[in-house]
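The values are calculated or read from the model by the stated rules, or taken from the named source; none is laboratory data. Owing to the predicted nature of the structure, the values given are computational and were not obtained by experimental measurement. We place every Cβ from the backbone using ideal geometry, glycine too, and count neighbours over all the protein chains shown. Protein only, heavy atoms only, side chains kept; ligands, DNA and RNA dropped before computing areas. Shrake-Rupley method; radii C 1.70, N 1.55, O 1.52, S 1.80 Å.
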Amino acid sequence: MSGCSMTTSSSDGKRTTQCTTEPFKVRMGRSYIVDELVEKYLVNLKAIDASYITGLLIGQFSPQKDFVVLAARTPPKEKEAEGSSSNGGRTVSSLDDIDVQWVSEHAKQVSHMLPGGLAVLGVFLVHPPELSKEAQNSLRRLIFAVDKRLSKGRLWKLTEDDVPERVMLQMCSKSRKAICRTFDVQDPKSSAKPADWKYQTGVSASWQVLQCSADLDVLFPMAETSSSNLDKCTKDGLQRWANQIETSICLINGKRLPDHFDVTAGQKKNSKMAQSKLQAQILIPTKAGLKADQRSTASVQACKGFLTVKGVMHCRAYIHSNKPRACQAVEAIKRDLMNTVSCRTEMLFEDLFMKEGSSDRGGVSGQQPLPQRVFAPVPGTGFCVCDYMFPDESLVDVSERFKEMLDCDILEETIDTTQEAAPKQSNIVDYSEECTDNITSEIPTEAPENQRSLQTYVGVAVATGVALLATAASLLYLSD
């Protein structure tokens, strides 16, 4: 199969890179609109060391074309970093020693730093000329491994509109020749397809920003309080809650928009269009809000404790400006809410294990604060990335994590900690150590068909202004 090489040209002062095939021309596959900052980043990487460099391509999917707005090299392990500094760079004769697990874990950590609408689109590899023949197979292994790692523990379900292709970019460190291809991660036997890779300036400058603050008070009954059962109860409880979020109603600026409505409609179209902010509300059905055909049998289970996630969490999503549909905006903000709740509970337990020096979760009890979500603008772009800060951490820690995971210099003073700022007197999580033997779900078996108005929905997300008055989110686990 012929490759897709990139040639650079200049027209009217704008730099573009087009993907052509050798030795004959074929029909292109997916198109990738890439910010010029990514090009500069990749070119500067080639002289860092004498061997290969792996990394992630970050951006946004869309039905017609994808947008690449950030690239981040895989941070070297400590031993590799020491070897590189002492020997002037690693020297290898093969790509077989690429640590697939390390790259996949990097992708997972980076995904925690991405707000709604942004995702890991694929991987890149900068390599010396003698390793060019091995590059495609190595990138294929990385793409499938990264997708598998990112899919693990995900609360939301894929839809038919989700893009299955992931991009791989290999670049020669000497000639700067690049090859761009895609793989269908839903097909393990898929072969590489050529793609169109074009550079543009300010790709994310005019992206829409969708924001909301979710007021959560979710209680999960615990059948047992042993450490072996805690994982299952937590995941099952989060999944039930996530199913409610996926089927909820989302209002944008107070309106329920048709799925194919262009959220940029009514705005002035020009090359310097300012970034606009939209407010969202996520509404879940009450008993009376369920349709007649939504039947469910009440469940009964033994209960020895509760797990409660309570507080206000700020959610944010970025939407591309290429005629974005309302359904894409709704999906992005819902998934951001599910991702941030899942990420924080996972981080909290990991932090508690480290402090206690034990993997036994049975000792976790009482009220525990979830990490606070903070945001920081990426220099030269129109979007922010996020991180999670525990009470005993500082902005220095956050800035260092951004540098390590995203290879991006973000100043401490630019990090926004106000979105989930807690007042001096936090709300108290009320609980009872007594628990009834049986817990019955509140989902009815029937509901009147005529009660379908928005009045029958309860909002779990409110306007962004409420975030300033919100308490920090907390997690409560009662042991038996």
Being of a type outside the set (Lys, Arg), touching a Lys or Arg at 6+ places or on another chain (Cβ under 9 Å), buried (at least 18 other Cβ atoms within 10 Å of the Cβ) and within 27 Å of Val385 (Cα to Cα) is the requirement here; does Asp99 meet it? no
Filter region 118-169 down to residues that are assigned to a helix (DSSP H, G or I), open to solvent by 60 Å² or more (accessible area, probe 1.4 Å) and modelled with pLDDT of 90 or more and give me whichever is nearest to Val68 (Cα to Cα). Arg140
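Conditions tested, residue by residue: (1) open to solvent by 30 Å² or more (accessible area, probe 1.4 Å); (2) aliphatic (A, V, I, L, M); (3) modelled with pLDDT under 95.
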{"position": "Leu210", "(1), (2), (3)": "no, yes, no"}
{"position": "Ser213", "(1), (2), (3)": "no, no, yes"}
{"position": "Asp217", "(1), (2), (3)": "yes, no, yes"}
{"position": "Met222", "(1), (2), (3)": "no, yes, yes"}
{"position": "Ser226", "(1), (2), (3)": "yes, no, yes"}
{"position": "Cys233", "(1), (2), (3)": "no, no, yes"}
{"position": "Leu238", "(1), (2), (3)": "no, yes, yes"}
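Filtering region 180-194 down to residues that are assigned to a loop (DSSP other than H, G, I, E, B) and over 24 Å from the mean Cα position of the chain (by Cα), which residue is nearest to Leu169 (Cα to Cα)? Steps first, please.
Let us first name the residues in region 180-194 that are assigned to a loop (DSSP other than H, G, I, E, B), namely 185-192.
Still in the running and over 24 Å from the mean Cα position of the chain (by Cα): 189-192.
On the way: Lys189: 19, Ser190: 17, Ser191: 15, Ala192: 11 Å.
That would be Ala192.
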Reported set for region 24-40 where residues are modelled with pLDDT under 95 and aromatic (Phe, Trp, Tyr) is Phe24
In region 380-396, which residue that is assigned to a loop (DSSP other than H, G, I, E, B) and open to solvent by 30 Å² or more (accessible area, probe 1.4 Å) is farthest from Arg316 (Cα to Cα)? Asp392
Among the residues of region 170-181, is there at least one that is open to solvent by less than 30 Å² (accessible area, probe 1.4 Å), small (Gly, Ala, Ser) and within 18 Å of Val68 (Cα to Cα)? yes
Among the residues of region 63-85, the number that are at pLDDT 90 or above and surrounded by fewer than 20 Cβ atoms within 10 Å (Cβ to Cβ) is 3
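Taking Asp351 as the residue in question, decide whether it is more than 22 Å from Gly116 (Cα to Cα), part of a loop (DSSP other than H, G, I, E, B), at pLDDT below 90 and out of contact with any His (no Cβ under 7 Å at 6 or more places or on another chain). First the steps, then the outcome.
Values: more than 22 Å from Gly116 (Cα to Cα): yes; part of a loop (DSSP other than H, G, I, E, B): no; at pLDDT below 90: yes; out of contact with any His (no Cβ under 7 Å at 6 or more places or on another chain): yes.
No.
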Just one of (1) within 21 Å of Asp416 (Cα to Cα); (2) modelled with pLDDT under 80; (3) of a type in the set (Ser, Thr, Tyr) trips up Ser394, so point out which. (2)
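Please count how many residues of region 242-278 are open to solvent by less than 80 Å² (accessible area, probe 1.4 Å), modelled with pLDDT of 80 or more and within 25 Å of the chain's Cα centre (by Cα). Walk me through how you get there before you give the answer.
Initial filter on region 242-278 (open to solvent by less than 80 Å² (accessible area, probe 1.4 Å)): 242-243, 245-246, 248-252, 254, 257, 262-265, 267, 273-276, 278.
Those left that are additionally modelled with pLDDT of 80 or more: 242-243, 245-246, 248-252, 254, 257, 262-265, 276, 278.
Narrowing further to those that are within 25 Å of the chain's Cα centre (by Cα): 242-243, 245-246, 248-252, 257, 262-264, 276, 278.
Qualifying residue count for the region: 15.
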Those residues of region 329-346 which are open to solvent by 40 Å² or more (accessible area, probe 1.4 Å) and over 13 Å from the mean Cα position of the chain (by Cα), in sequence order: Glu346
